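Worksheet: the structure to be examined is printed underneath.
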Amino acid sequence: MLYEGVIQDLIEEFGRLPGIGPKSAQRLAFHVLQTDPAEVARLAAALTEVKRKVRFCEICGNVAEQEQCAICRDPRRDLSIICVVEEPKDVMAIERTREFRGRYHVLGGAIDPMAGVGPDELRIRELMTRLSSTDVVEIIIATDPNLEGEATATYLARLLKPMGLRVTRLASGLPVGGDLEYADEVTLGRAFEGRRLLDV
């Protein structure tokens with residue numbers, strides 16, 4: 001069913017957002033209709049401000065409100081290690097672990113020939129430029145453990161190995177709290193490859 005005028009326009013705009021189907025778009029539109037006008041104004045202001053203020057870091061490609069993101073500006077970060085990720089949201093996921101103290105490089109996606117995304121559409125050239133002007137010794141490839149992420153990791157490994165860098169890939173395997181019977185073959189295979197000695 002199509003609604004009239006501006007409500008249909010709003011549903012269609014919400015429907016353009018990633019992960020939002022027609023029913024969710026309709027729910028969001030009606031939520032906005034029933035929400036206090038002051039709250040809607042705050043949402044509109046936040047959307048406008050984020051487009052006006054947020055840019056991508058000139059060094060790593062992460063989101064930033066200045067020319068460089070907070071991580072690239074932090075003098076305590078280890079300059080010898082770069083963790084390569086697909087999207088800025090991946091940077092935040094890794095930062096939450098508090099395990100990594102190096103710097104990042106955000107590719108802006110993954111190689112996906114079906115979607116017309118090749119190496120030239122990603123920030124690989126910028127990575128190579130960074131590596132030629134810094135003292136990096138290790139690159140950690142932290143792309144998603146799916147077909148596109150694996151293709152990107154393989155491409156990067158082939159590109160980086162001749163440079164004499166230590167190129168590593170994030171281990172992947174079984175999630176904590178998961179059951180073996182529900183794990184797919186690739187995940188189980190990775191878990192075997194990444195096994196480690198138990199200290200008892």
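Read-outs throughout are calculated quantities, based only on the coordinates presented, and are distinct from any laboratory measurement. Small disclaimer: the values here were computed from a predicted structure and weren't measured. Because the Cβ atoms are built from the backbone with ideal geometry, glycine has one as well, and the counts that use them run over all protein chains shown.
A few points about this structure:
- In terms of overall dimensions, the C-alpha atoms belonging to segment 4-117 reach 57, 39, 25 Å along their principal axes, ordered largest to smallest.
- Cross-link reach list, lysines versus Lys161, counting only Cα pairs under 19 Å and skipping chain neighbours closer than eight places: none
- Per-residue Cβ neighbour rank within 10 angstrom, fewest leading, Met114, Met163: Met114, Met163
- DSSP bridge orientation in the chain - percent antiparallel, rounded to nearest 5: 20
- Filtered trypsin sites (Lys or Arg not before Pro), segment 133-200: DSSP coil and at most 15 other beta carbons within 10 Å: Arg195, Arg196
- Contour excess over end-to-end distance, with Cα ends at Glu67 and Leu159 and 0.36 nm allotted per residue: 30.3 nm
- About the Cα centre, charge dipole magnitude for the chain (Lys/Arg +1, Asp/Glu -1 at Cβ), debye: 720
- Each other residue within a Cβ distance under 15 Å of Lys89 adds +1 if Lys or Arg and -1 if Asp or Glu, for a net charge of -4.
- Label-zone membership for segment 21-39, site Gln8, 7 angstrom Cα→C-beta point, backbone N under 13 Å: none
- Rounded to the nearest 20 debye, the dipole magnitude of segment 5-53 is 220 debye, with +1 charges on Lys and Arg beta carbons, -1 on Asp and Glu beta carbons, and the Cα centre as origin.
- Partners for Lys53 among lysines (Cα-Cα distance below 20 Å; same-chain residues under 8 apart left out): Lys89
- Gaussian network model of the chain, springs between alpha carbon atoms under 10 Å - residue of Ile11, Ile59, Ile81 with greatest fluctuation: Ile11
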